[in-house]
Amino acid sequence: MFFKTFTKLAALAMVLTLATGSATLAVAAEKKTHNVVFHVTDNDPAKWNQILNNASNVQQAMGKENVNIEVVANGPGLNMLKFESEVANRMTDAVKNGVTLAACGTTMKALKVSEKDLHAGVKVVPAGIVEIMQKQEAGWSYVKP
């Protein structure tokens, strides 16, 4: 009788351990921080609105606190990061929501754009492509809409 009771208790303990272990793994997976870098080369408000919508959608789906988002603009895409941009209000909202907007320093030099020309909250990186490459090497997901 002792053996039957012991076997049942051991089986129950194992089931509970597996169940709570699975729940712990599920909770750990939900707490993972996700990283995504959007690459923009278009001087097109529609494309920028799409990217900013994508960033917002990712934050809603994953939880703002669970995702790091950076939008890197180089080439003609840099023009949308200027303070007089058609998407300036959208950029303000994105920055307030934790999205990092990054301007390519190499493109800025080529176009003779200074930091004063950029929208508030935009950071300047030395080279946009290098920024993207380093993000990918660090495991960030790359999106080019």
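Throughout, read-outs are computed from the coordinates displayed, never taken from laboratory work. Remember, predicted model here, so these are calculated numbers, not experimental data. Every residue, glycine among them, receives a Cβ derived from its backbone with ideal geometry; neighbour counts consider all protein chains shown.
How about segment 74-145: which chymotrypsin sites (Phe, Trp or Tyr not before Pro) there lie in a loop by DSSP and see at most 13 other Cβ atoms within 10 Å?
Sites meeting the loop and neighbour criteria: Phe83.
Provide the net charge surrounding Asn79, with neighbours chosen by a C-beta distance below 12 Å and charges set as Lys +1, Arg +1, Asp -1, Glu -1.
Cβ neighbours under 12 Å give a net charge of -3.
Which entries in Lys64/Lys109; Lys31/Lys144; Lys47/Lys109; Lys82/Lys109; Lys64/Lys116 show an alpha-carbon gap greater than 22 Å?
Values: Lys64/Lys109 33 Å; Lys31/Lys144 26 Å; Lys47/Lys109 24 Å; Lys82/Lys109 14 Å; Lys64/Lys116 29 Å.
Violating the 22 Å limit, Cα to Cα: Lys64/Lys109; Lys31/Lys144; Lys47/Lys109; Lys64/Lys116.
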